[in-house]
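**Q** I'd like to ask you about the structure that follows.
The values are calculated or read from the model by the stated rules, or taken from the named source; none is laboratory data. As the structure is a computational prediction, the values presented were derived from the model and not from experiment. With ideal geometry, Cβ positions are generated from the backbone for all residues, glycine too; neighbour counts draw on all protein chains shown. What goes into the accessible areas is simple: the full protein's heavy atoms, side chains included, and nothing from ligands, DNA or RNA. Shrake-Rupley method; radii C 1.70, N 1.55, O 1.52, S 1.80 Å.
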Amino acid sequence: MTALLADKEAPAVPVGSTLSIYDPIFLGIDEFGAHVNLELMGRNILVGGEPGGGKSGFLNAITAHAALSTDCRLVLFDGKLVELGQWEDCADEFVGFDPERAIRVMARLSALMNNRYTWMHAKGIRKLDWTHGLDPVLTVIDEFALYTATYGDKKTQEQFTALFRDLVARGRACGMPVVAATQRPSSDIVPTSLRDLFAYRCAFRCTTVGSSDVVLGHGWVSRGYSAADILPTNQGEALLLSEGGTPRSIKGSFLTDAQIKSIADYAAWIRRPNRLENQR
Ligand SMILES: Nc1ncnc2c1ncn2[C@@H]1O[C@H](COP(=O)(O)OP(=O)(O)OP(=O)(O)O)[C@@H](O)[C@H]1O
Ligand SMILES: [Mg+2]
């Protein structure tokens, strides 16, 4: 211990295990009990469904993985504060119900994208990966309709919507994926042009077949995949549209508040920029 403390030049080595955002993320199980994992990098995920369906539980599972990934920076938007609030100490930014702040943070993400694309252009890189040495920045937004249609006025909502759409459209190739959830999966909140920017879509129980199609894409209900068929008592069940190209039924993993507290506490500790030798 004495030798360690004496060596101020020793490289920082995090104590305890970590994950990488390039690792597959564990989301839950399918109807056969097999693990469902998802590779997030290079993709965006849209999450929709009625209140109480399990969206925030799903977002917390992804955020937990990202928080434990010391190669990933986190930007969190949570208009209710309490859904993602426990991860605040792990995030570069945590935005609550302040629409002006939400716009400022989105504008910073937009500037970061511009910088990254300028750098990639100079280097002749079309898609960022782990070999390029830039940390991914994951943006998680729980209930984006609060920012696009509820908080603030028409002007701030339009500003936020434009910046949000830009991030979803351009972020994934420069290492800035987005996970966004809404309890209002209607065509005014999730127009087709926005929905189609999300390669992955996850529909928790929806009240109507129309809402299910808004999340998964038009036509899935007529092909037998409707999130309106999910029982209201089966919270956490969802239809996930990802690599396979066909929605599959999953039961999301669920972290209790106490489990989130303990993971977030550990994650905040391993994410300290100045590790133990600088903490004296
Ligand atoms: N995967 C799951 N397994 C078991 N229970 C779950 C699961 N996901 C959610 N639940 C239960 O459903 C409740 C509501 O879940 P959650 O808060 O994630 O819903 P939501 O879709 O975010 O709702 P809202 O739109 O109101 O924010 C949880 O408190 C929990 O009791
Ligand atoms: Mg929620």
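**Q** List the pairs whose first member sits in segment 212-227 and is touching a residue at least 12 places away in the same chain (Cβ under 8 Å) and closer than 13 Å to ARG201 by Cβ, whose second member is among the hydroxyl-bearing types (Ser, Thr, Tyr) and surrounded by fewer than 24 Cβ atoms within 10 Å (Cβ to Cβ), and whose Cβ atoms are under 7 Å apart, counting only residues at least 6 apart or on separate chains?
**A** Every condition considered, the pairs that remain are SER212/SER226; VAL214/SER186; VAL214/SER187; LEU216/TYR225.
**Q** Between residues in segment 48-74 that are under 14 Å from GLN235 (Cβ atoms) and residues that are assigned to a helix (DSSP H, G or I) and within 9 Å of ligand 1 (Cβ to nearest atom), which pairs lie under 9 Å by C-beta distance while being six or more apart or on different chains?
**A** Final answer for the pair search is GLY49/LYS55.
**Q** Checking ILE260 against (1) surrounded by 15 or more Cβ atoms within 10 Å (Cβ to Cβ); (2) within 12 Å of ligand 1 (Cβ to nearest atom); (3) not in a helix (DSSP H, G or I): exactly one of these is not met. Which one?
**A** Here ILE260 meets the rest and fails (3).
**Q** Considering segment 39-65 alone, what residues qualify as being farther than 20 Å from ALA258 by Cβ, at pLDDT 95 or above and open to solvent by less than 10 Å² (accessible area, probe 1.4 Å)?
**A** The answer is ASN44, ILE45, LEU46, VAL47, GLY48, GLY49, GLY53.
**Q** Just one of the numbered conditions (1) surrounded by fewer than 21 Cβ atoms within 10 Å (Cβ to Cβ); (2) touching a residue at least 12 places away in the same chain (Cβ under 8 Å) is not true of GLY85; which one?
**A** Checking GLY85 against (1) surrounded by fewer than 21 Cβ atoms within 10 Å (Cβ to Cβ); (2) touching a residue at least 12 places away in the same chain (Cβ under 8 Å), the one that fails is (2).
**Q** Looking only at segment 203-220, count how many residues are open to solvent by 10 Å² or more (accessible area, probe 1.4 Å) and in a helix (DSSP H, G or I).
**A** Taking segment 203-220 as the starting set, the residues that turn out to be open to solvent by 10 Å² or more (accessible area, probe 1.4 Å) are 205, 207-211, 213-214, 218-220.
From what is left, the residues that are in a helix (DSSP H, G or I) are 209-211, 213-214.
Of the residues in segment 203-220, 5 are open to solvent by 10 Å² or more (accessible area, probe 1.4 Å) and in a helix (DSSP H, G or I).
**Q** Assuming CYS174 fulfils every condition listed in (1) in contact with a helix residue (DSSP H, G or I) (Cβ under 6 Å, 6 or more places away or on another chain); (2) within 16 Å of ligand 2 (Cβ to nearest atom) apart from one, which condition is it?
**A** Failed condition: (2).
**Q** Give me a count of the residues in segment 131-168 that are open to solvent by 50 Å² or more (accessible area, probe 1.4 Å), part of a helix (DSSP H, G or I) and away from ligand 1 (no atom under 16 Å from the Cβ).
**A** The number of residues fulfilling the criteria is 8.
**Q** Just the residues that are over 15 Å from SER212 (Cβ atoms) and within 14 Å of ligand 1 (Cβ to nearest atom), please, taken from segment 37-52. First the steps, then the outcome.
**A** Restricting attention to segment 37-52, the residues satisfying the condition of being over 15 Å from SER212 (Cβ atoms) are 37-45, 51-52.
If the condition is that a residue be over 15 Å from SER212 (Cβ atoms) and within 14 Å of ligand 1 (Cβ to nearest atom), then PRO51, GLY52 are the ones that fit.
**Q** For segment 186-202, enumerate the residues that are part of a loop (DSSP other than H, G, I, E, B) and open to solvent by 50 Å² or more (accessible area, probe 1.4 Å). If you could, list the steps in order and put the result at the bottom.
**A** Quick first cut of segment 186-202, residues part of a loop (DSSP other than H, G, I, E, B) only: 186-191, 196-199.
Listed by number, the residues that qualify are SER187, ASP188, ASP196, LEU197, ALA199.
**Q** If you scan segment 221-248, which residues turn out to be small (Gly, Ala, Ser) and either under 15 Å from ILE45 (Cα atoms) or crowded, with 18+ Cβ neighbours inside 10 Å (or both)? Reasoning before the result, please.
**A** Within segment 221-248, the subset small (Gly, Ala, Ser) is 222, 224, 226-228, 236, 238, 242, 244-245.
Once the filter is applied, which keeps residues that are small (Gly, Ala, Ser) and either under 15 Å from ILE45 (Cα atoms) or crowded, with 18+ Cβ neighbours inside 10 Å (or both), segment 221-248 yields SER226, ALA227, GLY236, ALA238, SER242, GLY244, GLY245.
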